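J.: Please see the structure below; I have some questions.
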Amino acid sequence: MRKRIIAGNWKMNKTVAEAKELAQAIVQGFTRTDSCEVVLCPPFTALAALREVIAETPVKLGAQNMFWEEQGAFTGEISAAMLKSAGCTYVILGHSERRQYFQESDETVNKKILRAFEHGLIPIVCVGETLAERQNGLTHQVVEKQVRGCLADLTSDQVAALVIAYEPVWAIGTGVVATTEQAQEVHAMIRALAGKMYSTRVAESLRLQYGGSMKPDNAAQLLSQDDIDGGLIGGASLDVKSFLQIVYA
Ligand code: 13P
């Protein structure tokens, strides 16, 4: 049985004080913990503060990115070991905003995933097509290529432990959510692909999140689909009430 996972990707929002305040409110409101894992992914600058806020609670910490090298002269970068030592359990990798603005590719995401696992971090790997790709009927092809590229050289056990977030680029921050049918269809395709590439066991334990304008009013329906195990939430994760409503959905 896959445990559900709702993660808040705070992106480039919240000062340390604001982040603490939001996390405190979320921690206080999250009391039913058995059926759902909750992960907060603040900016790097707020990781240390949030680690204290979530200590002794079931809420977990995640980062939004990392570099694949171990250490050294890479000004401005953060390593997997640093994230682990800052209390992170998860790390989001290959978000479409990283791909769009910072030239990340499946190859670089793959290097990051391999390094994250070496340090005991669980990657949340983002994939998803653009609007033009969907309109041209390329969704499956694009997502399959991303999944294959990102997962290159991973072991079965690593893939089984992984979280993949399907985030159609056209749904991110736009208020245009994928229909439940569109979302379920791509999630099912990713799970079937994992089954083909690895095994049924891997496909059954891999967790798949939907991301892209997930809100309290559409979360329950999306999360009721067979292959949608959770959500990666942007805008709605910055508001305590909305985020907790999604968690309880
Ligand atoms: P929104 O929920 O703001 O559409 O963002 C989704 C996202 O990019 C999560 O990683």
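Nothing in this text is a laboratory measurement; each read-out follows from the coordinates by a stated rule. Computed from a predicted model, the values in this text were never measured in an experiment. Positions of Cβ are backbone-derived with ideal geometry, glycine not excepted, and every protein chain shown enters the neighbour counts.
J.: Determine the distance separating the Cα centre of region 130-186 from the Cα centre of region 53-109; give it in Å without decimals.
T.: Region 130-186 and region 53-109 have Cα centres spaced 20 Å from each other.
J.: In debye to the nearest 20, how big a dipole does the chain give about its Cα centre with +1 on each Lys and Arg Cβ and -1 on each Asp and Glu Cβ?
T.: Taking the Cα centre of the chain as origin, the dipole is about 220 debye.
J.: Still on this structure, I have one more. Determine the sum of side-chain charges near ASP34: Lys and Arg each +1, Asp and Glu each -1, restricted to other residues whose C-beta is under 11 angstrom from that of ASP34.
T.: After counting each charged neighbour, the total is +2.
J.: Moving on to the next point. Strictly over 31 Å apart at the Cα level, which of LYS11/LYS196; LYS20/LYS84; LYS196/LYS241 would you flag in this model?
T.: LYS11/LYS196; LYS196/LYS241
J.: Find out how many positive minus negative residues lie around LYS241, taking Lys and Arg as positive, Asp and Glu as negative, among other residues whose Cβ is under 15 Å from that of LYS241.
T.: -2
J.: Another question about this same structure. Which whole-number percent gives the relative contact order of the chain, counting Cα pairs below 8 Å spaced six or more residues apart?
T.: Here the relative contact order equals 20 percent.
J.: Using the Cβ atoms and a cut-off under 14 Å, what net charge is assigned to the surroundings of ASN13, where Lys and Arg are +1 and Asp and Glu are -1?
T.: Result for the neighbourhood of ASN13: -1.
J.: From the helices alone, meaning DSSP H stretches of at least four residues, give me the mean residue ellipticity at 222 nm for the chain, per-run term -39500 (n - 2.57), in deg cm²/dmol to the nearest 500.
T.: -12500 deg cm²/dmol
J.: What span do the alpha-carbon atoms of the chain cover on each of the three principal axes, reported in whole Å from largest to smallest?
T.: 45, 45, 34
J.: Counting pairs of alpha carbon atoms under 8 Å apart in space and at least six apart in sequence, what relative contact order in percent does region 139-212 give?
T.: Relative contact order, region 139-212: 47 percent.
J.: May I ask you to list the aspartates and glutamates whose Cα is less than 20 Å away from that of LYS112, ignoring any residue fewer than eight positions away on the same chain?
T.: Candidates past the 8-residue exclusion: GLU69, GLU70, GLU77, GLU97, GLU104, GLU144, ASP153, ASP157, GLU167.
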